[in-house]
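Written out below as structure tokens is the structure these notes cover.
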Amino acid sequence: MSRSPGRKQENHKISRELFVLTYGALVAQLCKEYEKDEDVNACLDRMGYSIGIRLIDDFLARSAVRKCRSYSETADMIAQVAFKMYLGVTPSVSCNSVTGNEFSLILDKNPLVDFVEELPAERASLCYCNLLCGVIRGALEMVHLAAEVSFLQDRLKGDDVTEIGITFLRKPEDRRHRRNK
Amino acid sequence: MMRPQLLRKMSARKEELGVGRGRARRPLRHCRGGGAAGAGRPGHGAMAIFSVYVVNKAGGLIYQLDHYAPRSDTEKTFSFPLDLVLRPHDERVVVAFGQRDGIRVGHAVLAINGAEVNGRFTADGKDVLEFLGNPANYPVSIRFGRHRLSSNEKLMLASMFHSLFAIGSQLSPEVGSSGIEMLETDTFKLHCFQTLTGIKFMVLADPRQTGIDALLRKIYEIYSDFALKNPFYSLEMPIRCELFDQNLKLALEVAEKAGPFGPGS
């Protein structure tokens, strides 16, 4: 990642464990504060959203990618460039629907759950990595693509794979503000 | 080269909108040699980046920096009658005719006898044109120069450019046009870069300055680092982040040093 010349060359990386631990502490604290799983999930999603709306510009500035011309290009971009850049993993993409606006990202490795085996019994419907869903949703919204993002399958809940589903919503034709995206 | 102490002192004097001043202004009348080399820069000649504007999605100006303004103030002593034709224009008194000696048509009256005028009135509250019409006040020393834009005027101009940009994209015969990328005049070039998220970065630079595309991308990076990652900065609001200012000024200096023969860093 390039840094401006004014900064001293700080090449120390923050340890991955610290990041995973911080995320875990965040989820644990939310679980203490909210009784219902849905509330925790919603809170994680909101947090992810506020990260996503800022992260998108960082992504665009550093990767200098061109504008995506289709939903499938967008999904590929998220999986192959964005996930790689920020989490170091590359999920595989598959298209779920004939209409071409529903996609799945299948994650083999999810660094956020390095230290989590399974969810406790009383938190069966917790989406541990729901922050990621919020991030993707927020980022897409800033490039004028409304989408619903959620976990379709989760290894922590006993499924085989972890699958994030992205459904691009059709927005009403709005020709008044045709800004370059 | 900006010293850190000078940078800090300047940042402390920032105006409401986060308008910053890149370097101390020295009136050109003390400098020899023409044009923009007056502010003591080493070597290159008239190579400069004049200002940077950042416009949010709604067309509002969220950041503005005047890095370098070629100051062409001229102060002269006159005796009655004044051979320049002055007239009121907006809130100022401007030269309408009688261009000479560095005083050009369009220049505004900036100061009379050393005291800065307040729009159409002198520092004492007298009307400028009346004052200059009275032979008893002569000989008088008047300073003329190009009127500096106020924050409000900059806001308006940025919004207007935002609208023009939108019109430009729509006028394009091809679908998916990028919008206005450059506006060229004989004294400056305005480069504009709109991100996929709708933020516009505009740089006004000397026509011969190269490497502005790279500079615009660099400014985008600096924005995404020091403005967006600042948790206390709200999106779409005026940028008042110290680190953003500092890094932006550094990036401008680097780009200027590159000169006309190729991109820098």
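Database remark: amide H of B:ALA111 closer than 5 angstrom to the amide H of B:VAL117, B:ARG143 (H placed geometrically; neighbours at sequence offset of 5 or more, or on other chains; Pro and chain starts carry no H). Structure note, pairs A:LYS109/A:LYS157; B:LYS57/B:LYS154; B:LYS57/B:LYS200; A:LYS84/A:LYS109; A:LYS67/B:LYS200: Cα-Cα distances above 18 angstrom do not occur. Loop-located chymotrypsin sites (Phe, Trp or Tyr not before Pro) across the stretch A:36-127 with a Cβ neighbour count of 16 or fewer within 10 Å are A:PHE115, with loop assigned by DSSP. For the stretch B:212-226, the Karplus equation 6.51 cos²θ - 1.76 cosθ + 1.60, evaluated at θ = phi - 60°, returns couplings of 6, 4, 4, 5, 5, 5, 5, 5, 4, 4, 4, 5, 5, 7, 8 Hz by residue, with Gly and Pro reported as x.
Backbone phi angles across the stretch A:139-151, fed through the Karplus curve with coefficients 6.51, -1.76 and 1.60 (θ = phi - 60°), yield HN-Hα couplings of 4, 5, 5, 6, 9, 6, 10, 7, 8, 10, 10, 7, 7 Hz in residue order; Gly and Pro are listed as x.
A straight line joining the Cα centroids of the stretch A:115-139 and the stretch B:225-254 runs 33 Å.
Rule-based calculations on the coordinates, nothing more; no lab input. The structure presented is a predicted model; accordingly, all values stated were derived computationally and were not measured. Here the Cβ is made from the backbone with ideal geometry for all residues, glycine too, and neighbour counts use every protein chain on show.
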